[in-house]
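**Q** What follows is a single structure, and I will ask about it in a moment.
The values are calculated or read from the model by the stated rules, or taken from the named source; none is laboratory data. Every value quoted in this text rests on a predicted model; they were computed, and no experiment measured them. For accessibility, only protein heavy atoms count, side chains too; no ligands or nucleic acids. Shrake-Rupley method; radii C 1.70, N 1.55, O 1.52, S 1.80 Å.
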Amino acid sequence: CPAPADLRPSNGTRVCAQLYTDNSPYYEQCCSGDVLVVPPNSDVPYMPRGWSGTASSLVVGTRCELTVWSRSAKRGKSKRFGA
């Protein structure tokens, strides 16, 4: 997985988090598959099409916090992740 401080796309802009579809008990195989990039100050009450229930690993950038909910539209239980 990338280090939290290394979350930057090729154009150099800042990224707050990256979610991945594939995970593994072996560290070198974590953070693979499709990637969902979360820009800073995003407020997304619904996961993009095809992403609901598919994220299996994530990395949160430095000075960022990612809050996820168990149900759509920011309902249900929530969990916060930081770097």
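**Q** Give me the percent relative contact order of the stretch 17-78, please, defined on Cα pairs under 8 angstrom at least 6 residues apart.
**A** 36
**Q** Leaving ligands, DNA and RNA out of it, report the carbon-plus-sulfur percent of the accessible area of the stretch 17-78 at a 1.4 Å probe.
**A** That share works out to 48 percent.
**Q** Out of these labelled values of Cα extents along the principal axes in Å, (1) 32, 28, 22; (2) 35, 22, 20; (3) 80, 52, 15, which was calculated from the coordinates shown here?
**A** Matching entry in (1) 32, 28, 22; (2) 35, 22, 20; (3) 80, 52, 15: (1).
**Q** Related question: Most fluctuating residue of 40, 25, 48 in a GNM of the chain with Cα springs under 10 Å: which is it?
**A** Highest fluctuation among the options: 25.
**Q** Same structure again: Over the chain, with the other protein chains present, what is the accessible area per residue in square angstrom, probe 1.4 angstrom?
**A** 71
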